[in-house]
Amino acid sequence: MRLGDLLIRQDVLTEEKLKKALELQKGTGKKIGEVLVENGFITEEMIARALQTQLGLKMIELTGVTIPKEVRSLVSVNLLKKYQCIPFELDPYNANILHLAMADPMDMAAIDDISIVTNLQVEPYIATPRDILAAIDRCYGASENMDAARRFTREREQLRGNVEEAAETDVSDAPIVQLVRSLIEQAVRQRASDIHIEALETKVRVRYRIDGALYEKMVYDNSLLPAISTRIKIMGGMDISEKRKPQDGRMSVMVDRREYDIRISSIPTVHGEKIVMRISSKLNLTRDIKELGLDQKEMATLQHMLAKPYGIMFVTGPTGSGKSTTLYTALSALNKEAVNIVTVEDPVEADLEGINQIQVNNKVDLTFASALRSILRQDPDIIMIGEIRDQETASIAVQASITGHLVVSTMHTNNAVGTLNRMADMGVARYLISDAIIGVIAQRLVRKLCPHCRKKHPATDKEKLILKRSLAEEVEIYEPGGCKLCNNTGYFGRTGVFEIMEVNEEMRKLIADDATTEEMIAAAKKNGMHTLRENGIRYVLEGVTSIGEMLKASYEE
């Protein structure tokens, strides 16, 4: 039975989608499964389950599986990448049988080749392509990178010794190109948000930021730095001759059939250039609004705020607290054919279909303020301002919101009420703020405890005080453990902690009358607002995160 028919029988695919995929497949030389996944008709997991049903083979989840050294050394990494497969163990009852995780277990050529290379009998298992590539990265990534670094050094020495090179090799095979490509691919597969390439005195250090914390991944000789930075600058469309000034660039890469946007920033340091690459994916930025991590009551408040035809709404928090994700998610929810949405951003973080996005450019005097003035003549319904930084932008934004537009923007403040004071500090009259503002969302990101290794323990008296529980009460909370799945960090993934303040009539009066922060917080709580600390405590008691993470995300005097 063919894969398409099987997916239809399992009710995960419709006839129309299959027909459309078969048309898209023509002339591409791709398998039907690849075309279905690329166009978002189904997921890799659905194909794996369908194959499992069809072939009666076992499915293997490679995340968290430790592959023994003797199994790793059986097959070369190039062969594994060619066939998208990885051997993960020898059969415990028969050492002549090799268990092989495959994306396509019907690929007889792959089974034959690996059987010949290893001189063992192959037993195929099913795994998703992304799972397999991530496992190959974990097992062979570091050695592949070191190999590319060694080849680069060797080639350079040959050139220095004027040894005639053989025929010109293809650029994509050049060691430094492979090294940079594999740095990016490994970062994506390890869920990193940033890659830091740092020049130290004698070496180059590569660190990945995963779930908000930096982890050192590789160290190279510092002679590689000029080549690495030149390659990244070429990819990002930057000036390779300029090493004394900070530069910015951007590029798009495809990893495992998904497109990722990468923003590049280079800055000169004492020992050479430091490069930071921020990785963002359109899929991650435009989630379903239900995936943000809000509880039902907060979700209803947010949707009520977004349903208002005009006014200004803020998302606030420090850098890297997920403000852009919340804004993009809100815009995606509002993005209908009947509304005209215009954004002014610096920089544009992801291209959203159906939304007019403007990139700030100070060289041609296209600032937030000048772009906003022009936008108002473009008949917008909803305006998104990347960030309000000065009085001019703030006053135009407030004027726009009063004259019948819904404006959403971000600010760097510590809590929801603090945003109102910041607007007043920027010189916007309080009666205008009280008229315009519909609500503020303050947010932070906390790391989620790994569900496989979190450890339960009774809360100590000190912890009960932090959690605002009575000392007599029995409270059980979780702390991080550490396992293969979460790379021994005890955490896997992040979620948002929110403080949503909707402005009602009572609050409008307090804002206009220049009330104290305490009075406004009391009124917001009466109106149903939960503070960051209260929501953080709820997460700790539910076992979502640890006390340490909650304290980092919320502070109270």
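The values are calculated or read from the model by the stated rules, or taken from the named source; none is laboratory data. Since we're looking at a predicted model, the values are computed, not measured. Cβ sites come from the backbone with ideal geometry, for glycine too, and all protein chains shown count toward neighbours. Side chains included, ligands, DNA and RNA excluded: accessible areas come from the protein's heavy atoms. Shrake-Rupley method; radii C 1.70, N 1.55, O 1.52, S 1.80 Å.
For this structure, a couple of remarks:
Residues checked against (1) free of Cβ contacts under 8 Å to residues at least 40 places away in the same chain; (2) surrounded by 20 or more Cβ atoms within 10 Å (Cβ to Cβ):
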residue	(1), (2)
250	no, no
256	no, no
266	yes, yes
304	no, no
309	no, no
337	yes, no
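- Subset of segment 354-375 (residues that are open to solvent by 10 Å² or more (accessible area, probe 1.4 Å) and either touching a strand residue (DSSP E or B) at 6+ places or on another chain (Cβ under 8 Å) or hydroxyl-bearing (Ser, Thr, Tyr) (or both)): 354, 355, 356, 357, 358, 359, 360, 366, 367, 368, 370, 374
- Subset of segment 361-409 [at pLDDT below 90 and under 23 Å from the mean Cα position of the chain (by Cα)]: 386, 387
- Within segment 421-442, tally of residues that are under 18 Å from residue 506 (Cα atoms), of a type in the set (A, V, I, L, M, F, W, C) and touching a strand residue (DSSP E or B) at 6+ places or on another chain (Cβ under 7 Å): 4
- The one condition in (1) of a type outside the set (A, V, I, L, M); (2) in a loop (DSSP other than H, G, I, E, B); (3) open to solvent by 40 Å² or more (accessible area, probe 1.4 Å) that residue 380 fails to fulfil: (3)
- Subset of segment 339-353 (residues that are surrounded by 15 or more Cβ atoms within 10 Å (Cβ to Cβ) and closer than 20 Å to residue 263 by Cα): 343, 344, 345, 346, 348, 349, 350, 352
- Residue 84 meets all of the listed conditions (1) under 19 Å from residue 121 (Cα atoms); (2) open to solvent by 70 Å² or more (accessible area, probe 1.4 Å) but one, namely (2).
- Every listed requirement among (1) modelled with pLDDT under 90; (2) hydrophobic (A, V, I, L, M, F, W, C); (3) open to solvent by 60 Å² or more (accessible area, probe 1.4 Å) is met by residue 240 save one, (1).
- Sole residue being hydroxyl-bearing (Ser, Thr, Tyr) and closer than 12 Å to residue 135 by Cα, chosen from 66, 53: 66
- The single residue among 74, 22, 51, 36 that is open to solvent by less than 20 Å² (accessible area, probe 1.4 Å), more than 13 Å from residue 102 (Cα to Cα) and in contact with a helix residue (DSSP H, G or I) (Cβ under 8 Å, 6 or more places away or on another chain) turns out to be 36.
- Pick from segment 333-355, criterion polar (S, T, N, Q) and assigned to a loop (DSSP other than H, G, I, E, B), ranking: farthest from residue 383 (Cα to Cα): 335
- Qualifying position, being assigned to a loop (DSSP other than H, G, I, E, B), surrounded by 16 or more Cβ atoms within 10 Å (Cβ to Cβ), at pLDDT 85 or above and of a type outside the set (S, T, N, Q), among 105, 124, 92: 105
- When the residues of segment 268-287 are filtered to those that are under 18 Å from residue 39 (Cβ atoms) and surrounded by 17 or more Cβ atoms within 10 Å (Cβ to Cβ), the one that is farthest from the chain's Cα centre (by Cα) is 286.
- Looking only at residues of segment 183-196 that are touching a helix residue (DSSP H, G or I) at 6+ places or on another chain (Cβ under 6 Å) and either open to solvent by less than 30 Å² (accessible area, probe 1.4 Å) or in a strand (DSSP E or B) (or both), we find that the one that is nearest to residue 134 (Cα to Cα) is 186.
- Residue in segment 319-327 that is surrounded by fewer than 21 Cβ atoms within 10 Å (Cβ to Cβ), in a helix (DSSP H, G or I) and at negative phi present: yes
- Filtered residue count, segment 418-442, keeping only those that are without any contact (Cβ under 8 Å) to a residue 24 or more places away in the chain and open to solvent by 40 Å² or more (accessible area, probe 1.4 Å): 2
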